[in-house]
Each structure stands twice: as structure tokens, then as C-alpha cells.
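Working notes for the structure below.
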There are 2 protein chains.
Amino acid sequence: MIGNFTYCNPTKLYFGKDALEGLKEELPKYGKNVLLVYGGGSIKKNGIYDAVVALLKACRKEIFEDGGVMPNPSYAKVCEGIERARAAKADLILAVGGGSVCDYAKAVSVSVHCEEDAWEKYFIRFEEPSCEIIPVGCVLTMVGTGSEMNGGSVITNHAQKLKIGHVFGEEVFPKFSILNPEFTYTVPRYQMVSGIYDIMSHILEQYFSGTDDNTSDYLSEGLLRSLIRSADIAIENPLDYEARSNIMWTATWALNTLIAKGKTTDWMVHMLGQAVAAHTDATHGMTLAAVTVPYYNFLLPYGTAKFARYAENVWGVDPAGKPQEEVAREGLRRMQAWMQKLGLVMNITDLGATREMLDGMVKSTLIMDGGYKVMDENDVRNVLLQSF
Amino acid sequence: MIGNFTYCNPTKLYFGKDALEGLKEELPKYGKNVLLVYGGGSIKKNGIYDAVVALLKACRKEIFEDGGVMPNPSYAKVCEGIERARAAKADLILAVGGGSVCDYAKAVSVSVHCEEDAWEKYFIRFEEPSCEIIPVGCVLTMVGTGSEMNGGSVITNHAQKLKIGHVFGEEVFPKFSILNPEFTYTVPRYQMVSGIYDIMSHILEQYFSGTDDNTSDYLSEGLLRSLIRSADIAIENPLDYEARSNIMWTATWALNTLIAKGKTTDWMVHMLGQAVAAHTDATHGMTLAAVTVPYYNFLLPYGTAKFARYAENVWGVDPAGKPQEEVAREGLRRMQAWMQKLGLVMNITDLGATREMLDGMVKSTLIMDGGYKVMDENDVRNVLLQSF
């Protein structure tokens, strides 16, 4: 832990089979008007919508609906949400869904009282809110993004072919989040494994940076080991409560600022994946999986010691008698085999990317500078080419 | 993560060489009157007192002093602090010191406006505060207890020969804590290694309980590995910033509620150590070290699988071809050797305990019921006998 940093994460979490009861504690803290935000309507089939509405009514809330939030929520939809929140005079935005719904709720929450163009202010200029922020609460139904306990909000501007995430400060974090692992049971397998890989990528992209000895990296190794073990169980038996609950908790701690403390971070898998998504609208975790092996093969020579540590501490590679690079490469091979077993999409062709999109995807890739090697445009192009 | 639980930790941390600057952010949030709490005066020699007072004055605070807080802070001293805080009409209690000073500040904070006897209410009946709580901030100068980011307060009642900890809810947590690893450089070696073992014991006492697969245990293993590595460096070179900063950060996360989430915990090493301290006034971490090996030798047969996991994942014991119990015992032997290398006190005789105190220590030991084996009075007596 070399650098100076601050840490504060005020989100209150209610975890477990009875977590929804937490709404009874939380709802009375806010005013009457609740904007109820959700996605494509699956919560109306699995009973979660009814349970939430019943609790809202029991707490005498006025409910204003804002459904239809899509995966990769669009800025056009955010603009619609802003209008709905204004019309409702919303005192609380209650997001019921996965990371897209939570991200969307945060984007609306900082924009309702913002007099500037929200896209320009938050996602191009990366400014912090200077206006009143509507408090957000989450009821999580899909696991992966960590949006339930952080300030992250990823929004796609289709007109500009940009999918950009802004990590807001703690005043934008959800005030509370309801984490019931059983609410994730009905998520289709494709979404479940996509979420699992999103979690893994969050941890790895914070882990694969820096050369110091940092407690954060030891915590990351712990989270990775727990995630791999529980994912192996969940793909065999998606109704294993213990495994699903460990995955849910791991997701939260993979991206709530803790494991980045005191260290640099990389984030290029997300930048590459988001560029792919901006052109294909593919599922987030799958875009990460599809560029991971080419990107880490590119990165490994610049951070060989850390990749070897990863191989030993996470994948149990025995380093005895092997050169460090061989240990490191063996770790990546084991990860690749595991990803294939999980059923992740391992190339961007299968996500709908075409060679005609290449120039555009290169242009859409934001280049971060915290990793072992700062990419140039040619590196981006080569990694994307390897990902077809 | 099987059970239902809530998680919320609102303490704001400022970490690093510039951490004290955080006071400029925090002090303006509180009223004029600050009760400045500290220990035996070492902060007046190493410049920390002067730096804090300068910042308090720059923020136009009225300073009321309450020095002389002893290790194992006494309830008699708490009563004195209550009177001082009342006389000062304190708006903020600023604790500058180690865990004892932070614990003391919290005990005072919940007692100033309490009309009942605070010892009876909080440390015998374990009730939560029903009165106004004075906010507490910490400037940490010694590492180990985790008091900087939790609701724990351990107070000794000498008249009753009881040293008892109450873990208060999040409203009693420090509002902010200043964590500058350099502030811990002047702590004598005996206190440094005692603090390191306090951290280790916090992690182990949460780890050695439960048989489920729980993400918390993976996080604990990460913290343990980081702690062992950094302790090895710090005992060779106490001025190694990286090592001291990792130890400081590990201490905070070892006891801020995270690694106990979703699982049972044991805590008998603390109960035994606190009984020893109540009769000897010995340094906290050393009392834990002195009873650890006898207690874990007692406990191992009831939780062999977890002790074997500990041996493999934390101490690198190769399990190939060995019975589980042998793997488990090898882990304990490696820990014992490491404790000796650190210079920990390995028996209670060296801490001043005598056979005449045995009955009293047995009587002072609170028995917790979360571990692999709930002790009876005879078990307590035997483990203490083994600890002489």
C-alpha cells in the first residue's frame, strides 16, 4: 500500500434469503415518490416485482414506473428516465434488476437536477455532479457488475458508437442494496456465466498492475479462488444456494473500490470489451471473455512476475524447475481451459463482430495508462484482430 | 455465505503519508469543542501531538485535553473521561493513539449522555446506546486492534477483575480515521509484534469456525498471507514503509466486520487472553499469543479439516500422502515457529501469571459458543494450565 488514498463505502447491504425485508428499514427514510426502474419485465414473471410493489405500498409510497431498461442502457433511455423522474418528483429511485438497471438508475439520479447535457458532462468530460442527487436503492436480480455497492455507471451512446463508464464518488453510491441470491436463480445460463466472467475480469484488471507487495492483491487472490470454486459448483447446479451466494458476495467486493486501494489498475479488457459492445451490443461479460486471452497474451511479457504469481496462487501451478514465463503461460492456459468449460464466448466473431467493424472498434477503445504496458493504437488493433 | 446478514461500514479512512491532511476535510463537519484523548504522552515526543493541535487550531477548535489513557483502559478512567467530556460540552472526541485510546474514546462517546451506569449497561448487559452519541474520530499511532473502523470497545474493570469487549453497532464506529503508517514507526518492537499478533488472532478467530464454503474464509487467507509476509519484513526492517502500510491496512480489514459475514466465529483466544490480562494487566497481543498454541491444540480435533486447509493455504504445507490430521498439525507447528521468530511471548508465566491466579482466570473467562467445540470450565482450566 504505497500511495495515499481515501476509503469510504457507505452503502448498506441486506444479504440473504430474507434480504428484501430490508426495504422495511430503508423505505421510511425517503419521501413519498418512488421511481421504480426495471428492465425487460422478467421480474414480473418471477414474482420479484409483486413483492417489491407490495412493500412499497405497505410503506405508503407513490409508485412511478420506468421499465424497459435494456442491457447496455442507452443514453436515449437515460434521457427518458430523467423526464420521468422529473415528472414524478422522485424522492428515491429504486432499481430492481441487474447491473444495467443499477447503472441506469445512477445516471438518472445525477442528471435529474443537472442543467447541462448529462452525456457531455459525465461521460465525455467525466465531471462530478454539482447538483442535487436523487438517492438510489437497488434490489439485485443478476450478479456481476458490482454496481450495487459502487459509483459506476456505464452508458452507451449509439449515435456516437461509444460505451463509456463513469465511476462516480461515494455520494452517488446506492444508499442501500438488497442482495438475495435466490433472486438470481432464474437468470439464464448464458447471463449467469457472463456475470461470473464479469466478476473475474473486475478482479484481474485490478490485480494485473503494479509491482509492489500490496494487501489488495492478496485479497484479490482470495476472491478469485472463492469465485472459481463456486462457479464450478454453480454451472453443475445453478440452484446451489451456497455457491450462488458466494458468487453474489464476491461480485460486490470485486468492484466496490477495496481491492484497488493503494495500487495502480489496468482496465484494458473492459475498454476493449466495451468497444466491441458499442458496435455489436453483445452481452457485457461475453465481450470481456472474448478479448481476454489475446489481451493477456499481449500483456504477459510486460508483467511476467505477476502472471507467474497468479498461476501459482490462483491456479495452483507448481513452479518447481520451470522458468517464470512458462509458469505464467501455464496459468493463462489453465484459465483459458476453465473459461471454455464455463461456456464463455471466446472470440468476438461469435458476438457478431465483423472485419468491417475493426476500424470503428479501434477508434472506440479508450486507452488507460495504469497497466504493465500502455497500448498504442496498433496494439489495440492487433489484440482485436487476435480476438476474431 | 449461508446466513442472512447486513453490512454497513460508514467510517471514512484517510490512508498514507499525507493522511493527517484528512483532518482539514473532517474537522469542519463538527462543532467547536473537541475532547483530545491520548495515552501516556509518546505523541508529545514524536511530533504527532503538535501536528494535530496545529490542525485543530487552524480549524478554530476549542481543545479540551484528556491524556493518560492506559493500555487496557480502565472503567475508572472512562468515568473520568465522561466528566471531562461533559464539562467540555464536547462536539467531537478525537482519539490520538492506539486501540486502547480508540476503545476508550468510544466508551466515553456512548456514556456522556447516558443516565445509567455505563459499565452495567454496556459491558455487563451488552445493551446498545439509547442516548445521543458524541462522534469519534481517530488518528492511529499503533496498529492491531482494528478499533479505527469498528464498534469495538474493550474496557477493564479492575475492581471486578473483568476485561470485557462490547462490539457496538455502526452508529458508534469512528466517523473517520487517519491511518499514516509512518506514525507507527516509533512504537517499540514489543508493541509492534504484539500488534501483529493481535491482527493475526482476529483473523484466525473468525476463520476457525464453520464448515461451509464461505468467501469470507478466502478473504481471511489472503489477509493472513499478506500479514505474514509483511511481518517478516517489518521485524527485519521496522522502517519499511510498504510492510508497515500493509500491516496497518490488514489490521483494519481483520476486524471491521467483513470477514465474519455469513459465518460463525470462535473468539475463545480473545476470551482466554482477556482473562489473563484482567489478572496481570499484560499487553493484549501477548496474552493472545501465550494461550494460542494450547488452545488450538485443544481445538484441532474438532475442526481438523479447517486446520488442514489453513496449513495448506496459509503455510504452504504439502498435503500429498499425509493424513489430514498430520497436515493440520504441521500447519500449527509452522505457525508456532513463526510466532517464536517474531519474538512473541509464548506462555503466561512470562506475562506474570501465577498458579494462584488460575481459579480467578478461569472465572474471568467468558465462554463463547460459535467455535468447533464449546468449552466447559474444565476445558478452560486445562488450556490455561497448558499455557503456563
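The values are calculated or read from the model by the stated rules, or taken from the named source; none is laboratory data. Everything numeric here is computed off the predicted structure, so don't read it as measured data. Cβ placement follows ideal geometry from the backbone for every residue including glycine, while neighbour counts extend to all protein chains displayed.
Scan the stretch A:93-110 for residues that are under 22 Å from A:D50 (Cα atoms) and in a helix (DSSP H, G or I) and jot them down.
The answer is A:G99, A:S100, A:V101, A:C102, A:Y104, A:A105.
Against the condition more than 10 Å from chain B (Cβ to nearest Cβ), closer than 25 Å to A:A290 by Cα and assigned to a helix (DSSP H, G or I), how does A:D198 come out, does it pass?
It is true that A:D198 is more than 10 Å from chain B (Cβ to nearest Cβ), closer than 25 Å to A:A290 by Cα and assigned to a helix (DSSP H, G or I).
Would you confirm, using the coordinates I've provided, whether B:W315 is within 28 Å of B:D103 (Cβ to Cβ), assigned by TED's automatic domain parsing to the domain that holds B:I199 and either polar (S, T, N, Q) or modelled with pLDDT of 95 or more (or both)?
Judged against the criteria, B:W315 is not a match.
Collect the residues in the stretch B:260-289 that are over 19 Å from B:K161 (Cα atoms) and of a type outside the set (F, W, Y), keeping them in residue-number order.
B:A260, B:K261, B:G262, B:K263, B:T264, B:T265, B:D266, B:A289
Can you spot a residue in the stretch B:111-119 that is among the hydrophobic types (A, V, I, L, M, F, W, C) and not in a helix (DSSP H, G or I)?
yes
Mind checking which residues of the stretch B:310-327 are without any contact (Cβ under 8 Å) to a residue 40 or more places away in the chain and either in contact with a Phe, Trp or Tyr (Cβ under 9 Å, 6 or more places away or on another chain) or of a type in the set (A, V, I, L, M) (or both)?
Passing the criteria: B:A311, B:W315, B:V317, B:A320, B:Q324, B:E325, B:V327.
Just for the stretch B:233-259: of the residues that are more than 11 Å from chain A (Cβ to nearest Cβ) and assigned to a helix (DSSP H, G or I), which one is farthest from B:G165 (Cα to Cα)?
B:E236
Scan the stretch A:110-139 residue by residue and report those that are touching a residue at least 60 places away in the same chain (Cβ under 8 Å) and not aliphatic (A, V, I, L, M).
Scanning the stretch A:110-139 gives A:P135, A:G137.
Those residues that are over 17 Å from A:G169 (Cα atoms) and either touching a Gly at 6+ places or on another chain (Cβ under 7 Å) or surrounded by fewer than 24 Cβ atoms within 10 Å (Cβ to Cβ) (or both), I need them from the stretch A:120-139; list them, please.
Once the filter is applied, which keeps residues that are over 17 Å from A:G169 (Cα atoms) and either touching a Gly at 6+ places or on another chain (Cβ under 7 Å) or surrounded by fewer than 24 Cβ atoms within 10 Å (Cβ to Cβ) (or both), the stretch A:120-139 yields only A:E120.
Of the conditions (1) part of a helix (DSSP H, G or I); (2) at pLDDT 95 or above; (3) buried (at least 22 other Cβ atoms within 10 Å of the Cβ); (4) under 21 Å from the mean Cα position of the chain (by Cα), B:D266 clears all except one; give me its number.
(1)
To keep it simple, each residue is scored yes or no on (1) without any contact (Cβ under 8 Å) to a residue 40 or more places away in the chain; (2) surrounded by 23 or more Cβ atoms within 10 Å (Cβ to Cβ).
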| site | (1), (2) |
| --- | --- |
| B:S220 | yes, yes |
| B:D240 | yes, no |
| B:R244 | no, yes |
| B:T252 | no, yes |
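Which residue, of B:F173, B:F168, is more than 20 Å from B:T250 (Cβ to Cβ) and in contact with a strand residue (DSSP E or B) (Cβ under 8 Å, 6 or more places away or on another chain)?
Among B:F173, B:F168, only B:F168 is more than 20 Å from B:T250 (Cβ to Cβ) and in contact with a strand residue (DSSP E or B) (Cβ under 8 Å, 6 or more places away or on another chain).
I'd like the full set of residues that are surrounded by fewer than 23 Cβ atoms within 10 Å (Cβ to Cβ) and either of a type outside the set (A, V, I, L, M, F, W, C) or not assigned by TED's automatic domain parsing to the domain that holds A:L366 (or both), limited to the stretch A:297-312.
Listed by number, the residues that qualify are A:N297, A:P301, A:Y302, A:G303, A:T304, A:K306, A:R309, A:E312.
Mind checking whether some residue in the stretch B:284-304 is farther than 30 Å from B:H158 by Cβ, within 14 Å of chain A (Cβ to nearest Cβ) and β-branched (V, I, T)?
no
Considering each residue of the stretch A:161-176, count those that are at pLDDT 95 or above and among the aliphatic types (A, V, I, L, M), and give that number.
So the count comes out to 1.
Going through B:T365, B:T354, B:T349 one at a time, which residue ends up being out of contact with any helix residue (DSSP H, G or I) (no Cβ under 8 Å at 6 or more places or on another chain), among the hydroxyl-bearing types (S, T, Y) and in contact (Cβ under 8 Å) with a residue 12 or more places away in the chain?
That would be B:T349, the only listed residue that is out of contact with any helix residue (DSSP H, G or I) (no Cβ under 8 Å at 6 or more places or on another chain), among the hydroxyl-bearing types (S, T, Y) and in contact (Cβ under 8 Å) with a residue 12 or more places away in the chain.
Restricting to the stretch A:222-238, count the residues that are surrounded by fewer than 24 Cβ atoms within 10 Å (Cβ to Cβ) and either β-branched (V, I, T) or more than 25 Å from A:V139 (Cα to Cα) (or both).
7
If A:V345 satisfies all but one of (1) farther than 23 Å from A:V193 by Cβ; (2) in a loop (DSSP other than H, G, I, E, B); (3) not charged (D, E, K, R), what's the number of the condition it fails?
(1) is the only condition that A:V345 fails.
What residue, of A:V276, A:V327, is assigned by TED's automatic domain parsing to the domain that holds A:M200, in contact with a helix residue (DSSP H, G or I) (Cβ under 7 Å, 6 or more places away or on another chain), of a type in the set (V, I, T) and under 29 Å from A:H158 (Cβ atoms)?
A:V276
Considering only the stretch A:29-44, I want to know if a residue exists there that is free of Cβ contacts under 8 Å to residues at least 40 places away in the same chain and not in a helix (DSSP H, G or I).
Yes, the stretch A:29-44 has at least one match.
Scan the stretch A:275-296 for residues that are of a type in the set (S, T, N, Q) and either surrounded by fewer than 24 Cβ atoms within 10 Å (Cβ to Cβ) or outside any helix (DSSP H, G or I) (or both) and report the count.
Here the count works out to 2.
Within the stretch A:170-181, how many residues turn out to be of a type in the set (D, E) and either touching a Ser or Thr at 6+ places or on another chain (Cβ under 9 Å) or not in a helix (DSSP H, G or I) (or both)?
The total comes to 1.
Among the residues in the stretch B:152-161, are any among the basic types (K, R) and within 24 Å of B:Y49 (Cα to Cα)?
no
When you scan the stretch A:1-56, how many residues do you find that are of a type in the set (S, T, Y) and within 14 Å of chain B (Cβ to nearest Cβ)?
The number of residues fulfilling the criteria is 4.
Going by what's in this entry, would A:L224 be described as closer than 21 Å to B:K261 by Cβ and either free of Cβ contacts under 8 Å to residues at least 24 places away in the same chain or within 8 Å of chain B (Cβ to nearest Cβ) (or both)?
no
Can you find even one residue in the stretch A:97-116 that is at pLDDT below 95 and surrounded by fewer than 21 Cβ atoms within 10 Å (Cβ to Cβ)?
Yes, the conditions are met somewhere in the stretch A:97-116.
I'd like to know if the stretch B:125-145 contains one or more residues that are at pLDDT 95 or above, among the polar types (S, T, N, Q) and within 17 Å of B:P73 (Cα to Cα).
Yes, because at least one residue in the stretch B:125-145 is at pLDDT 95 or above, among the polar types (S, T, N, Q) and within 17 Å of B:P73 (Cα to Cα).
Within the stretch A:4-31, count every residue that is within 30 Å of B:D18 (Cα to Cα) and small (G, A, S).
Within the stretch A:4-31, residues that are within 30 Å of B:D18 (Cα to Cα) and small (G, A, S) number 0.
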